[in-house]
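This report refers to the structure that appears directly beneath it.
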Amino acid sequence: MAVKKRIRIGFIAFLFLWFSATFPRCFSAVNQFQTVKKPSNFESSTVFPVQGNVYPLGYYSVSLKIGRPPKLFDLDIDSGSDLTWVQCDAPCTGCTRPREGLYKPNNNLLHCVDPFCNAIETLANHPCDTPNDQCDYEVEYADHGSSLGVVVKDYFPLKFTNGSLLVPHLAFGCGYDQKYDGAHAPPSTAGVLGLGNGKASIVTQLSKLGLIRNVAGHCLSGKGGYIFFGDEVVPSTGITWTPMSRNPNEKHYSSGPAELHFNGKPIGVNGLEIVFDSGSSYTYFSSKAYEAVVNQLKRDLNGKPLKDATDDRSLPVCWKGAKPFKSVNDVKNYFKPFALSFNAKKAQLQLPPEAYLIVTKRGNVCLGVLNGGEVGLGSLNIIGDISLLDKMVIYDNEKQQIGWVPENCDRLPNVDREFLNGFCQPFAQGNLHMMAAYCPANMLHKESSKDRYQ
């Protein structure tokens, strides 16, 4: 989730002068290519494999190619914010990648006159003075990390499930000032892929180009999983849906009010506003809900062969058994399920023990639900990755609804087309600001699903 923050004017002025001298003007490379007609009935989906886990790594990332020639960037997946950004090859504060791993702008800075600039969080105390000023951005996250930079536009080679390869021209951030929460080590990734519902998201941009429906989602497992743009891979049945909360100023996905249940019964905690956030490893409840969860678990564990593991500081609440546990499967029978009930019990998000417990390196079991009040979240309740594992989660921005369905997230979804390992001959898609290659299905050779999305 992103909010505005104040920054130092002197540093911004320096960066503005540096960028102005280095990149004096923008141009659209697409104008160099011939314009052709877009394939009819194009709307499709694109799928990306995901790497990561909740514990011990603590995040999920996806590899995206950007630029011409394309360069690979590993990005954190965050459904709680909308702007995608990568670390920038500029005078940089807080960049964690070596210079060859940074993104280098090439006369492609976005100017304030571009409508996209109005869709992002611009600098609070350094607004655009003229239409030709560079378009700056700033974003701050719930963990108090932040990124500050300039908006650029470049090509993203994308393989679609209808058998085509397109290279749309998309806007994103080039971050030259990153700050991280001191309690955690800086991430090893090169930036953030924003999947939120704001106008700045890549999903929204692709939808406006007519390439996908404005739908995004993820399917995470203990080994990785996948994300998707568009709705072609979404099942036609079996999905539990709840309406999105309607707030035009929010960039994240939320729903509510919800009621908390334990072992099928309400526990007196209701009216919860729930945020679905793939950028958070763990689930955070407001202080009242958190205390109810901890108290309920402790009462229920009374008399069972588990003791408090106060010497394990992996998470605030941990238990140990007679011998070390190897996985949650070894201990889940001691715990009962929680559930979040939406829409007067018409929709329930089930939270079995696997959705709120981890086993640490020391063989103890710990509660993966944390007190949001202690980290400044107030009344917000964030459903993080731990509670979304082994579910396909769908954010349908067109129908304004959030859905989930149990799924084997280690297996990429079936698609109707197979992809070539190589590239089809590109042709210009000038009206869409992209290059494209459309590959009819009967021209494509079959390959393994492991290679399909590489």
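The values are calculated or read from the model by the stated rules, or taken from the named source; none is laboratory data. Keep in mind that what you see is a predicted model, and the values were worked out from it rather than measured. Note that we place each Cβ from the backbone using ideal geometry, even for glycine, and neighbour counts take in every protein chain shown. Heavy atoms of the whole protein, side chains included, go into the accessibility calculation; ligands, DNA and RNA do not. Shrake-Rupley method; radii C 1.70, N 1.55, O 1.52, S 1.80 Å.
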In this structure, does V269 turn out to be of a type in the set (A, V, I, L, M, F, W, C) and within 17 Å of L357 (Cα to Cα)? no
Residue pairs meeting the criteria (Cβ under 7 Å; at least 6 apart or on separate chains; first acidic (D, E) and open to solvent by less than 30 Å² (accessible area, probe 1.4 Å), in the range 116-138; second part of a loop (DSSP other than H, G, I, E, B) and at pLDDT 80 or above): D133/C112
Does the range 50-61 include one or more residues that are open to solvent by less than 50 Å² (accessible area, probe 1.4 Å), among the aliphatic types (A, V, I, L, M), modelled with pLDDT of 50 or more and in a loop (DSSP other than H, G, I, E, B)? yes
If you check E259, E232, which single one turns out to be of a type outside the set (A, V, I, L, M, F, W, C) and either closer than 30 Å to P56 by Cβ or assigned to a strand (DSSP E or B) (or both)? E259
Turns out the strands (runs of 3 or more DSSP E) fully within the range 262-327 with at least 3 residues that are open to solvent by less than 40 Å² (accessible area, probe 1.4 Å) and either aliphatic (A, V, I, L, M) or within 30 Å of N343 (Cβ to Cβ) (or both) are 265-276
Please tell me if F335 is without any contact (Cβ under 8 Å) to a residue 40 or more places away in the chain and either in contact with a Leu (Cβ under 7 Å, 6 or more places away or on another chain) or crowded, with 20+ Cβ neighbours inside 10 Å (or both). yes
Only residues that are open to solvent by 30 Å² or more (accessible area, probe 1.4 Å) and either of a type in the set (V, I, T) or closer than 22 Å to F338 by Cα (or both): list them for the range 240-255, please. T240, W241, P243
I'd like the residue in the range 139-157 that is part of a loop (DSSP other than H, G, I, E, B) and open to solvent by 10 Å² or more (accessible area, probe 1.4 Å) and, out of all such residues, is farthest from E250 (Cα to Cα). P157
